[in-house]
Structure formats: structure tokens, C-alpha cells
Protein chains: 2
Amino acid sequence: MCLSAIGALAQTPSQYNLDGKTFPQINPDNSVTFQFSAPSAQSVTLQLGRDYPMTKGERGLWTVTTDPLAVGFHYYSINIGGIAATDPTTHTFYGTSKFSSAVEVPESEADAAFYTPRKDVPQGAVRSVRFYSDACKEWRRMYVYTPAGYEQEPETRYPVLYLQHGGGEDETGWIFQGRADVILDNLIASGKAKPMIVVMNSGYASKPDSQDSFDAFEQMMTEDVIPFVDSRYRTIADRSSRAVAGLSWGAKQAYDLALGYPEMFSAVGGFSGIIVVGEFNVGNPGIMDKSQRKTAYDGIFKDSRKFNRDFSVLFISSGQAEGQLLKNMSKTLRKDGIRNTYYESQDTAHEWLTWRRSLYNFAQLLFK
Amino acid sequence: MCLSAIGALAQTPSQYNLDGKTFPQINPDNSVTFQFSAPSAQSVTLQLGRDYPMTKGERGLWTVTTDPLAVGFHYYSINIGGIAATDPTTHTFYGTSKFSSAVEVPESEADAAFYTPRKDVPQGAVRSVRFYSDACKEWRRMYVYTPAGYEQEPETRYPVLYLQHGGGEDETGWIFQGRADVILDNLIASGKAKPMIVVMNSGYASKPDSQDSFDAFEQMMTEDVIPFVDSRYRTIADRSSRAVAGLSWGAKQAYDLALGYPEMFSAVGGFSGIIVVGEFNVGNPGIMDKSQRKTAYDGIFKDSRKFNRDFSVLFISSGQAEGQLLKNMSKTLRKDGIRNTYYESQDTAHEWLTWRRSLYNFAQLLFK
């Protein structure tokens, strides 16, 4: 009892807890303590990276403390009787193909500064915009970030970054998990990035007449989304002011758009994802071999001088814990003369801290 | 087996299901069938208005069909072992002070038309805007609806409606549960309502030096939110172009703002909520007695001719199933000479269908 009272001084409620909720709590060693009430449950398991069986205490309160966790964003579920439930004390995020609970183990204030709101930095806004996709024959929603000043300066036009989430996520991911709006606010205020519009769409698309979701996504983006954005917002509507990036599964979509439609894009970023040639194969991803590099995307890599002239940015990033695959892809392309920037996020894995840092670095290269 | 195959033709997946999920399903008699997998659970209960014990079938699938439900929006939980979990197959909504699953039993297409998006209607946008509240000493988020045309006509200025949610909800409620953006899009396109900006804030506020959350909310709205909105957006920044409305618990906040700050507002709507004088008492709400009507809000009701001159709209609404309390409040005020509009939503209770219809009727009266 005494221990817990002393310990409490150094424990902080997770930033995603609902108002007034004290659990989950982040401990000084980056372990996280979970507690909640399930008086009549037989067994309860916390699922966070691995399974942690929880212990039942007084008044039906189940508790567990995890191992020390990596800094950054972690989805979790509470498994009761075989169902992976959300924790009723926290915000939910669309990820792992459902609404999930999450905790974030904070970095140092200095490291987190680039995605933390500041009172002396003007704030942009994120619009939720409903639109009808003719390609998909359905109402959809996109998120549109406009930088501070967009409202006040009605003559200014802006370049546009199209930004895609990863598998099992949607158009909300880059704002709620990724904090893209705060990252851009801070970058723009400090002069490190050009003011830009950022457009986020769900990468899940389907056409009534096709089973190919990547094909549906491309048609939706090129025929519905981009013309809509250019007509609705004060964009600079040409390829030199249009970029696309995505993470993981969304990196393939970003590469497909930029390399498949070079008349529309001049810059591309792939965060934690490879350039996929042919069939998408999650289980066995490989770097393009030499002959593929000659033929992929209508031979876009064949003439490196033309490629380097046409694409101002080819940005490849990876979390350090993700291994060497993407570093090797970057090197291989360089050997072919294809200019690219490789960024590696120190001490992070296939998760949102890697991608926040990737966006921070990528955005600084754009539209110069 | 045969029965279920035949029945399936007339069953529709709930509109809030995640992509590709078939349950919950709305049946032709407005009952709803739930199904999900919890192989090792001992007992599972659906909580939707009342408790429905679920039945375990093959492969750990639990199912239940509810009684026929009223049309409109219903929050629900899955109770497993004493924890009220969300259903992993559905979107979640912030309501009942947590993220909750929900189903909507649809009205007829004709009745639902006013909150259904249409391809021939231009769409506005909803901005999520981060701002720092000096009153509350914290970063907060507001939602700002701007009508179609706001982006394209940089000279036009607009009146503003401040719109508040109910107890246990937040600034997202009017968009996700209430569809305020679609309602306004449709009203404005048909010429039934003036183009307006709608600003939605969480009604939950606290000041470091005070326990009075209503007081904190008022200070935040009048000192932080309204000046911020007037500086950031192309508003008409005077009382004749500023209205406030709220539902249930938020109706009190709307009345407190309009009647407490008549120099700022000229129109007010209270949906399913009374004008509360003195201490807020949910358990025993009563209409103001005669002496209270003379003294409430610095005697604003004392001089009915002045009140009627100063307030262009006092709108009071109620669901038919909510009883006579608000109809009586409207009548009592009329007897005192206080002009007001009373609207009753047929066949609905204290829920979002009442409030969508209330907004639809209220918005048509504003800024004429």
C-alpha cells in the first residue's frame, strides 16, 4: 500500500485517457499499469504486443503491469472471453481494422517537441470533407489540413501533399495517431517547411466492377479526389506542387501514384514500405531485381537523368528496428543513379513514432 | 436454416458497421440482430435500452435479436464479465461519457431525406480546430462547419450558430450522431436556411481555480471561443448574427449564454432542455415560477416587449415521448408575453432524431 502511494507520485495517466480517468498509467520505467472493473469475468487478458494475463483484486478490479515498452504509440485490446474489447476509459483510434484503445509512452519533451502544440505557433485546421466518388460509387470522407493563414489570406495558393495511412487504418490515422497537423504547424512556423495543404483519404477503395482495390484507389485519387481538391481549395494545380507519401501498405499506394502518374506528381515518400512491382505480396516482399528496375512503372527508372530531373524528391524511410531492407532499396537505386533520400528513425519500429519523424523530415524537402 | 436464408434478403447491415461487417443487422420489423465471436466467454449480455442475454451457438458465436426498436440512433454495449465493451464490428461514437457502439434504425427515405447527403447539393466542410483556452489553461478542439461556397467566395461573411451537445457527449456529437453538416448543406441548398457557420465545442470545461464547470464554460465561450472564431473566420461579428443552441444538458448552457450575455446573442434554441434557474438539478427539474421569471438572468423576462425586440428567436423543442414539460414552459412564457416557437418531434424520445429535427426547424428561423 505504501509503495503504491509513493509510486503514484511518479506515475502519469496516459494522455489518451478520457477526462478524469487515472488508468492506464505510465510508470517511470516505461511500463504501463492497466486497471479496470469486470466483476463477473472469469479471466481477462491485456493484449499489447503480447498477452498479459490480468489479476483480479478487490471489488472486481483487474490489474496488470506490462514490461517496459518502447516509446511511442501502442494499440491494445482487453480480451475477455475471447472477444478483443476496447478499454472503456480511453479514446479509441481506428487501427488494426477496428476501433482500438491505445497508450503512448512519451519521449522526452525535447524529442516530442516537433509534434507538440505550442502557444506561440499559429494553428492550421483540419477539415472533414464529404465527397461523392464516381469511381467507387459511394459517399466518402477526406481530411484536408490547411495551414495557418489559409483563412486570413484569401489570395494565397498552396502546394498539396497527399498523405496515406497504413493497413487497417483510415483517413483519420495521420491526424489522431500521427499528429500531422501539429507537425506541419510547427515546421511551417519555424520556416523549415513551405506552407502546404495536406489531403488524407482512406486507402480502402472498391469499384462495383472490380476486385482490385489498388486499381480502385488510383482511379478514385486521380479522377475524383485530385480534381475535387483543386476545384475546392486554393491549390497550385500542377505536378511540381503536388507530392504524395504513405506509410507501410500506404507506401505502395504512394509509389503507385507518383511513379504511375508522373504527369501529376513530382515528389514521393515511402515510409516503412517498399516499391512493389507486380503482385503485392506481404509475406515475401523483395527489392526489385535489375530487370524489374528497367521495366517497372513503364520503365520510369530506366533513364536516371530523366528521373532525377522529373522527381525533386524520392524519400525512403524506415524505423531502425525494421532491419536493412529499405536501406538496401535506397542504396540499390542510388547505384542505378536514382537520387533518393534515406532516413532512419533511431530506436523505433514499424509504428507511428517512425512515421511522425518521417513526415517531419520528408515535409522539409518538399516544394523548394 | 431455410428461414434465415429467406429472411436475409430483407435484413440490412447497420450503417455504422465497419466495412464488410454484416452484423448488427436491422430486420424488417425494426428489431436488430447482433452476432459476434467470444468463444471462451461464460455469459454475454447486449445492453441496448435494457439487458438482452445473448445465446452461444456454434464456433463461439453469440447472438440475440432485440425487440422492435424505435427509429433513430441507439447506443449499445456488449457486457462480458461485468465490463461494458464496444462491439468490434462497428464505428464508435463519444456518448454516455465513453466511446460507445451504436446502431441506427432507419426512418423512411422521405423522412430521412433532410439528413441524407445528396449528389445535387454542394457540401460544406467541418474543420477540427485546435485552440488554447486561457480560461481553462489547456489545449482544446472545436469543430467548425463552413457552408458550401465558403472556400470559393473569399469576400462573403457569415452569421454564426454556436451548437452544444448533451451530457456525456462532446464536440463531435453534432456531426457524427447529429449530422448537422448534412442538415445545413441541404437546408442552405434549398434556400430554407441562410448560409451560416456552425461552431461546436465540448461543453465540459474546468478552470484551475473553480469547481463550477458551467462558469468555466461561459468564460471559455465568451472570452476565448467567440473572439477566436471572429478573428479566424469570416463571421459577421455582432449579436444580430450570432445564435446559440444546445440539447438536453447543453440546452441549459445555450440559455445561460444567450440570456446571460444578451449583448452577444440575439437568438437561442433549447432542444429537450429547460431554462434552469439557480442550482442545476437533474433529478427535479421545474419550470420557473412567477417570481423567478421576474428575476432570472437579471430580469431579462420582466419586460416582454424589450425581450421580444431583443431576441429574434426563442425556440423550445421536445420529443413527443418526453412529456409535456417543455410544451408547458413554452405556454407559460407566452402567457407572460414572451414570444417563442415550440416544436414537438412526432414519435421520438430524448434522442438524436428529436435533435436532428429540432436543428432542421430551428435553423430555418435564424438570421432572417
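The values are calculated or read from the model by the stated rules, or taken from the named source; none is laboratory data. Computed from a prediction, not measured in an experiment: that's the story for all the values here. Ideal geometry is used to build each Cβ from the backbone, glycine not excepted, and the neighbour counts take in all protein chains shown. Quick note on the areas: whole protein, heavy atoms, side chains included, nothing else; ligands and nucleic acids left out. Shrake-Rupley method; radii C 1.70, N 1.55, O 1.52, S 1.80 Å.
A few points about this structure:
- Residue check for A:A245: more than 23 Å from the chain's Cα centre (by Cα), under 27 Å from A:A125 (Cβ atoms), surrounded by 15 or more Cβ atoms within 10 Å (Cβ to Cβ) and small (G, A, S): no
- Any hit, region B:120-130, residues being within 16 Å of the chain's Cα centre (by Cα), buried (at least 23 other Cβ atoms within 10 Å of the Cβ), more than 21 Å from B:K207 (Cα to Cα) and small (G, A, S): no
- Contact map, region A:320-333: residues that are hydroxyl-bearing (S, T, Y) paired with residues that are at pLDDT 90 or above, Cβ distance under 7 Å, separation 6+ or inter-chain. Pairs shown: A:S330/A:I316; A:S330/A:N340; A:S330/A:Y342.
- Selection status of A:D134, within 10 Å of chain B (Cβ to nearest Cβ) and either within 27 Å of B:P154 (Cβ to Cβ) or surrounded by 19 or more Cβ atoms within 10 Å (Cβ to Cβ) (or both): no
- Residue count, region A:338-360 (criterion: open to solvent by 30 Å² or more (accessible area, probe 1.4 Å) and among the small types (G, A, S)): 1
Matching residues to (1) among the β-branched types (V, I, T); (2) over 20 Å from B:A245 (Cβ atoms); (3) open to solvent by 30 Å² or more (accessible area, probe 1.4 Å):
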position: B:I287; (1), (2), (3): yes, no, yes
position: B:G299; (1), (2), (3): no, yes, no
position: B:D303; (1), (2), (3): no, yes, yes
position: B:K306; (1), (2), (3): no, yes, yes
position: B:I316; (1), (2), (3): yes, no, no
position: B:L325; (1), (2), (3): no, no, yes
position: B:F362; (1), (2), (3): no, no, no
position: B:L365; (1), (2), (3): no, no, yes
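- Positions within region A:103-131 being in contact (Cβ under 8 Å) with a residue 60 or more places away in the chain and either away from chain B (no Cβ under 11 Å) or within 30 Å of B:Y16 (Cα to Cα) (or both), in sequence order: A:V103, A:E104, A:V105, A:P106, A:E107, A:A113, A:F114, A:Y115, A:G124, A:V129, A:F131
- Considered as a group, the residues in region B:259-285 that are out of contact with any Ser or Thr (no Cβ under 8 Å at 6 or more places or on another chain) and either modelled with pLDDT of 85 or more or open to solvent by less than 10 Å² (accessible area, probe 1.4 Å) (or both) include one that is farthest from B:S317 (Cα to Cα), and that residue is B:E263.
- Here the condition is being closer than 22 Å to B:T172 by Cβ, of a type outside the set (K, R) and either more than 8 Å from chain B (Cβ to nearest Cβ) or touching a Gly at 6+ places or on another chain (Cβ under 7 Å) (or both); of A:S100, A:S77, it holds for A:S100 alone.
To keep it simple, each residue is scored yes or no on (1) surrounded by fewer than 19 Cβ atoms within 10 Å (Cβ to Cβ); (2) within 12 Å of chain B (Cβ to nearest Cβ); (3) within 30 Å of A:S101 (Cβ to Cβ).
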| position | (1), (2), (3) |
| --- | --- |
| A:R141 | yes, yes, yes |
| A:T156 | yes, yes, no |
| A:H165 | no, no, yes |
| A:G178 | no, no, yes |
| A:G191 | yes, no, no |
| A:S202 | no, yes, yes |
| A:F217 | no, no, yes |
| A:M221 | no, no, no |
| A:V225 | no, no, no |
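- Helices (runs of 4 or more DSSP H) fully within region A:254-368 that include at least 1 residues being touching a helix residue (DSSP H, G or I) at 6+ places or on another chain (Cβ under 8 Å) and under 24 Å from A:I183 (Cβ atoms): A:352-363.
- Criterion violated by A:A85 - all others in (1) in contact (Cβ under 8 Å) with a residue 60 or more places away in the chain; (2) closer than 20 Å to A:P24 by Cβ; (3) open to solvent by less than 40 Å² (accessible area, probe 1.4 Å); (4) not hydroxyl-bearing (S, T, Y) satisfied: (1)
- If you filter region B:80-97 down to residues that are at the interface with chain A (Cβ under 7 Å from one of its Cβ atoms) and part of a strand (DSSP E or B), you find that the one that is nearest to B:G168 (Cα to Cα) is B:T92.
- Residues of region A:228-243 satisfying the condition of being more than 14 Å from chain B (Cβ to nearest Cβ) and either basic (K, R) or within 16 Å of A:I274 (Cβ to Cβ) (or both): A:R239, A:R242
- Positions within region B:14-50 being assigned to a strand (DSSP E or B) and within 13 Å of chain A (Cβ to nearest Cβ), in sequence order: B:N17, B:F34, B:Q35, B:F36, B:S37, B:V44, B:T45, B:L46, B:Q47
- Condition met for B:Y145 (in contact with a Pro (Cβ under 9 Å, 6 or more places away or on another chain), surrounded by 18 or more Cβ atoms within 10 Å (Cβ to Cβ), more than 8 Å from chain A (Cβ to nearest Cβ) and hydroxyl-bearing (S, T, Y)): no
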